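Structure first, then comments.
The values are calculated or read from the model by the stated rules, or taken from the named source; none is laboratory data. Predicted model only: the values in this text are computed from it and were never measured. No Cβ is skipped: glycine too gets one built from the backbone with ideal geometry, and neighbour counts run over all protein chains shown.
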Amino acid sequence: METKVPEFGKAKRPGLLELFFTFSRISFVTIGGGYVMFPVMKAEVVNSKGWISDEEMVDYYALGQSIPGIIAMNTTTLIGYRKRGIPGAICSAAGMAAPSLIVILLIAAFLTPYFDHPWVQKAFAGIRAAVVAMIVMAVWQVGKKSASTLPTLGIALGAFALIVLAGLHPVLMILLGGCLGAILFRKVEGTS
């Protein structure tokens with residue numbers, strides 16, 4: 001069955017500047033990387049704007065994690081491409097990168113000498129703790145959608161166990177999960 005873009009939301013086909021500024025805003029307010037951005041990105045592009053469905057968000061995030069590069073950047077680029085093609089992908093990626101580039105340049109220019117200061121170290125400790133909560137939230141949201149049936153839950157738990165207990169590489173688990181999914185969830189042609 002084909003996944004359709006939801007009917008709610010302000011823009012089915014956002015402008016290029018809207019893509020840039022939406023992803024700039026997401027990037028600017030999140031600290032901690034792709035896992036932390038997931039709840040914020042989902043709230044914005046699925047719940048608020050209605051650009052993509054929940055299922056598409058999880059699929060793009062899974063694909064973004066499965067390919068080389070930064071998860072949030074990969075996901076953002078896929079969403080931009082989905083909405084406006086190559087120009088949308090470029091504007092979305094540029095929007096996601098701009099705040100990080102500006103902040104890292106400011107930090108490098110002005111704050112590097114203060115990294116060892118006790119107040120800065122205490123602030124980072126608090127930020128790290130908050131980031132853990134955001135990662136747990138992302139795992140919960142993705143898990144609800146991705147491991148919602150017994151077979152998918154089995155694949156998730158099996159992959160987790162093989163990574164943690166047997167030390168297998170995560171890329172191997174992604175490939176194995178894709179193969180298992182293709183085998184277990186294949187549809188007979190002509191049925192939906």
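Is there any pair linking a residue in the stretch 94-119 that is at pLDDT 85 or above to one that is of a type in the set (A, V, I, L, M), with Cβ under 6 Å and at least six apart or on different chains, and which?
96/73
Out of the residues in the stretch 162-192 meeting the condition of being part of a helix (DSSP H, G or I) and either loosely packed, with under 12 Cβ neighbours inside 10 Å or among the hydroxyl-bearing types (Ser, Thr, Tyr) (or both), tell me which one is modelled with the highest pLDDT. Outline the logic, then answer.
Step one: of the stretch 162-192, the residues part of a helix (DSSP H, G or I) are 162-164, 170-184.
Cutting the leftovers down to either loosely packed, with under 12 Cβ neighbours inside 10 Å or among the hydroxyl-bearing types (Ser, Thr, Tyr) (or both) gives us 164, 171, 179, 182-183.
Working: 164: 91, 171: 83, 179: 88, 182: 86, 183: 87.
Ranking the candidates gives 164 first.
For residue 26, state whether it is modelled with pLDDT of 85 or more and within 23 Å of residue 147 (Cβ to Cβ).
Numbers: modelled with pLDDT of 85 or more: yes; within 23 Å of residue 147 (Cβ to Cβ): no.
No.
Where residues in the stretch 120-134 are under 26 Å from residue 21 (Cα atoms) and among the β-branched types (Val, Ile, Thr), which of them is modelled with the highest pLDDT?
Across the stretch 120-134, the extreme among qualifying residues is 127.
For the stretch 138-161, what are the residues that are polar (S, T, N, Q) and part of a helix (DSSP H, G or I)? Lay out the reasoning, then the answer.
Of the residues in the stretch 138-161, the ones polar (S, T, N, Q) are 141, 146, 148-149, 152.
141, 146, 152, listed by residue number.
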